[in-house]
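*Asks:* Attaching a single structure in structure tokens format; questions to follow.
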Amino acid sequence: MGYYPGRCLLARRLREIDKSQQWLSDVTGISKSQISDYVTNRRIMSLSTAMTISKAVKCSMDDLYEFVHE
């Protein structure tokens, strides 16, 4: 029984708080291109990045991805 990250929900979370990827980059110090890679599913966030982003957008780390059950 395992789970893996599916579609990234970061764009949805940013829309919910009316913030941009640039804002998130400025607040977290994560490059805008890296944030864009997460949003477009080209990269998966590390645990430390997911924690940093979840604190900035005030959500749970679980809210950043749709998780798929194996």
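The values are calculated or read from the model by the stated rules, or taken from the named source; none is laboratory data. Owing to the predicted nature of the structure, the values given are computational and were not obtained by experimental measurement. So basically every Cβ, Gly included, is an ideal-geometry build from the backbone, and we count neighbours across all protein chains shown. Only protein heavy atoms, including side chains, enter the accessible area calculation; ligands, DNA and RNA are left aside. Shrake-Rupley method; radii C 1.70, N 1.55, O 1.52, S 1.80 Å.
*Asks:* Inside the range 26-51, can you point out the residues that are part of a helix (DSSP H, G or I), hydroxyl-bearing (Ser, Thr, Tyr) and either in contact with a strand residue (DSSP E or B) (Cβ under 9 Å, 6 or more places away or on another chain) or surrounded by 18 or more Cβ atoms within 10 Å (Cβ to Cβ) (or both)?
*Replies:* The answer is Tyr38, Thr49.
*Asks:* Scanning the range 19-70 for residues that are of a type in the set (Val, Ile, Thr) and in contact with a Cys (Cβ under 9 Å, 6 or more places away or on another chain), which turns out farthest from Tyr4 (Cα to Cα)? Break it down stepwise before answering.
*Replies:* Step one: list which residues in the range 19-70 are of a type in the set (Val, Ile, Thr), which gives 27-28, 30, 35, 39-40, 44, 49, 52-53, 57, 68.
Still in the list and also in contact with a Cys (Cβ under 9 Å, 6 or more places away or on another chain): 39-40, 44, 53.
Numbers: Val39: 16, Thr40: 17, Ile44: 10, Ile53: 18 Å.
Ranking the qualifying residues of the range 19-70, first place goes to Ile53.
*Asks:* Taking into account only those residues within the range 1-20 that are among the aliphatic types (A, V, I, L, M) and open to solvent by less than 60 Å² (accessible area, probe 1.4 Å), which is farthest from Arg43 (Cα to Cα)?
*Replies:* Leu14
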